[in-house]
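Below is one structure, written out as structure tokens; the observations come after it.
The values are calculated or read from the model by the stated rules, or taken from the named source; none is laboratory data. Nothing here was measured: the structure is a model prediction, and the numbers come from that model. Cβ: placed from backbone, ideal geometry, glycine included. Neighbour counts: every protein chain shown. Surface areas here come from the heavy atoms of the whole protein model, side chains and all, with no ligands, DNA or RNA. Shrake-Rupley method; radii C 1.70, N 1.55, O 1.52, S 1.80 Å.
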Amino acid sequence: EETNLRCQIVIDASSSMYFPQDAEMNKLKFSILSAAALVNLLKRQRDAAGLSIFTDEVLFNSDAKSSTKHHQLLFAQLEDLLSKKPLNVKTNAAKSLNEIAETVHKRSMIIIFSDMFSQMDSKENDELFSALQHLKYNKHEVILFHVVDKSKELDFKFENRPYQFIDMETGEKIKLHSNEVKDFYVEQMQKFEISLKLRCAQYKIDFVEA
């Protein structure tokens, strides 16, 4: 209450964040609305808010400020992001977070919205957590909102029939019968989720299932 808070909001805007494509609320829209709510809250408290948007590179990165003009800039960026629908845009969270860490010089709260889906193999996972550790090393408080579609991406709830699945970041296609892979898929996703939670706990990063 007696000190000014500095908050950097970081949004993953890679193509997988647009899933489900035709839904009223996809992962990116949820992240944008959440970010806008946080900026509004910080504005009311006269605290400083900054915004970073990344895919396989940092697309936008602002310092944390508390002026009305600055908040209007952040809302404009969020609104612009809401109107975009890029396909086949990959994620490089590790590289982007390292870049962002280098620009946030004063101790801040870092809030990240991402599905973390580029980090499924162990090498990329290690690189990602090295980047998160970079943020922690700079004494920032880090909160990770793990944004996923629970029904489709975690529980794999599809009708018992053949489907063509398309990777939104690479365009790669695969045809398969949903029930043939469901148990294996759910098991792998549970392992992935547990790994994320454990690594976040290890580095004292708050992990929020969204």
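Say each of E57 and E102 gets a label point 7 Å from the Cα, pointing the same way as Cα to Cβ; how far apart are those two points in nm?
Roughly 1.4 nm, to one decimal.
Between D126 and L176, what is the label-point separation in nm under the 7 Å Cα-to-beta-carbon projection?
2.7 nm
Solvent-accessible area of R6, probe 1.4 Å, all protein chains present, reported in Å² to the nearest ten, please.
Result for R6: roughly 70 Å² accessible.
Under 5 Å between amide H atoms, partner at least 5 residues away or on a different chain: which partners does L59 have, H built in plane at 1.01 Å?
I53, F54
Could you please put E102, E127 in sequence from largest to smallest accessible area, using a 1.4 Å probe? Spell out each step's value before the answer.
Values: E102 115, E127 80 Å².
The ranking, largest first, comes out as E102, E127.
Between A37, A64, A94, which gets the highest mean-square fluctuation from a Gaussian network model of the chain, Cα cutoff 10 Å?
Per the Cα network of the chain with a 10 Å cutoff, A37 tops the list.
Which aspartates and glutamates does K106 reach when only Cα atoms under 14 Å apart count, and residues fewer than 8 places away in its own chain are ignored?
Hits, sequence-local ones excluded: D47, D63, E141.
Leaving out ligands, DNA and RNA, what percent of the accessible area of the stretch 47-111 is carbon and sulfur, probe 1.4 Å? Could the numbers behind the result be given before it?
Details: 1700 of 3500 Å².
It is 49 percent, rounded to a whole number.
Just one of (1) 131, 28, 17; (2) 79, 39, 28; (3) 57, 36, 28 is Cα extents along the principal axes in Å as worked out from the coordinates here. Which one is it?
The calculated read-out lines up with (3).
What FRET efficiency do you get for L82 and N160 if R0 is 30 Å and r is their Cβ-Cβ distance, rounded to the nearest 0.05?
Values: r = 35 Å, r/R0 = 1.17.
According to the calculation, E is roughly 0.30.
Taking the Cβ of H70 as the centre, find all other residues whose Cβ is under 13 Å away and add up their charges (Lys, Arg: +1; Asp, Glu: -1).
So the environment of H70 carries a net charge of +3.
For the chain, find the longest principal axis of its Cα atoms and tell me its angle to the long axis of helix 27-44, 0 to 90°, nearest 10.
20 degrees
When DSSP assigns beta bridges and you keep just the ones with both residues in the stretch 1-143, what percent turn out antiparallel, to the nearest 5?
Antiparallel bridges make up about 20 percent of those DSSP assigns within the stretch 1-143.
If the limit is 28 Å between Cα atoms, which of K173/K204; K29/K157; K43/K136; K85/K191; K95/K157; K84/K152 go over it? Walk me through the numbers on the way to the answer.
Values: K173/K204 38 Å; K29/K157 21 Å; K43/K136 25 Å; K85/K191 30 Å; K95/K157 33 Å; K84/K152 23 Å.
In this structure, K173/K204; K85/K191; K95/K157 exceed 28 Å between Cα atoms.
Towards the positive end of the charge dipole of the chain, with charges on Cβ (+1 Lys, Arg; -1 Asp, Glu), say which of P20, V142, V89 has the farthest Cα.
Checking the options against the dipole of the chain, the answer is V142.
Per residue, what accessible area does the chain have, given a 1.4 Å probe and all protein chains present, in Å²? Please report the intermediate quantities before stating the final value.
On the way: 11970 Å² over 210 residues.
Per-residue value: 57 Å².
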